[in-house]
Amino acid sequence: MTVPVRRTPFVKRRGYGFDLRSTALFFVFLAVVLSLLGLAVRIAAGAVERRPAWVFVLVVIGLAGCVGLRRRWRVAGVARRAAAALDDAAREAAEELTVPTVPAHRAAVEVPVDYEAPTREEFVDYDALTPEEFEEAIAALCERDGCSGVEVVGGAGDLGADVVALTPDGRRIVIQCKHYSEPHRVGSQDLQRFGGTCFTVHEADVAVLVSTSDFTAPAVEYAEQCGIVCVARETLEAWTDGTGPRPWEADPEGGAAGGETAGAGC
């Protein structure tokens, strides 16, 4: 009985196949190297035969080359180890000296502006102030002259109120500040916007609009109709140095100090 012979399937192995071209190139390269070595040996043998003293010179040169290479390797190894040690030391020093960074939201701390009210003998350059500093200055004047509960509430959505306080006699005063340059006068539209909120929204007993500039005639007329006190540049300087009335003591219709405010919106 004939037993069938199992044939092992052929498995192609990558990288182990016979390459005739690579083998031929290898033997050609080997032959070239051997030829060069033989030529060098023949030249050296001829030189030694003609001048035997060169044997000693060649031996010395060979030994010197070997010693030099060995020393170079040692020096290179020492240099590499020294460089690695210095690098490690530098990294450790950098890690020890590294200061932890502070997050931006913690580093940027707002410092409130503490504005001191001027005495009645001091001169204040209101033009040099920013609009925010001007509001602080007006609030400081109110506090200096006896107002209580003084707050600076100006900003987005303030509805026209920049400073609120209680006058010495207990009335609620609402002040809007206009830091304008001299040619830019406060117009009637500014007064109308303030008049629409000062009494009805902020419930002011005394409504004041103070400016570093002046007021147009229609603005003054509107303020008189609504009972809003207008403090122009000259009146502001008089309030600052104490030669003029305080806003809550002024008559909104232009009368003498101590007059009553209208207390009702337009």
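Data table
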{"read-out": "Rounded percent of accessible protein surface that carbon and sulfur make up, the stretch 119-173, 1.4 Å probe", "value": "50"}
{"read-out": "Cut-off under 5 Å, modelled amide H: who pairs with Val231 long-range", "value": "Leu209, Val210, Ser211"}
{"read-out": "Cβ charges +1 (Lys, Arg) and -1 (Asp, Glu), total dipole of the stretch 136-210, debye", "value": "200"}
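The values are calculated or read from the model by the stated rules, or taken from the named source; none is laboratory data. The structure displayed is predicted, hence computed values, not measured ones. Heads up, the Cβs are rebuilt from the backbone with ideal geometry, glycines too, and the neighbour counts pull from every protein chain shown. Each accessible area value is taken on the protein alone, full model and side chains, heavy atoms only, with ligands, DNA and RNA left out. Shrake-Rupley method; radii C 1.70, N 1.55, O 1.52, S 1.80 Å.
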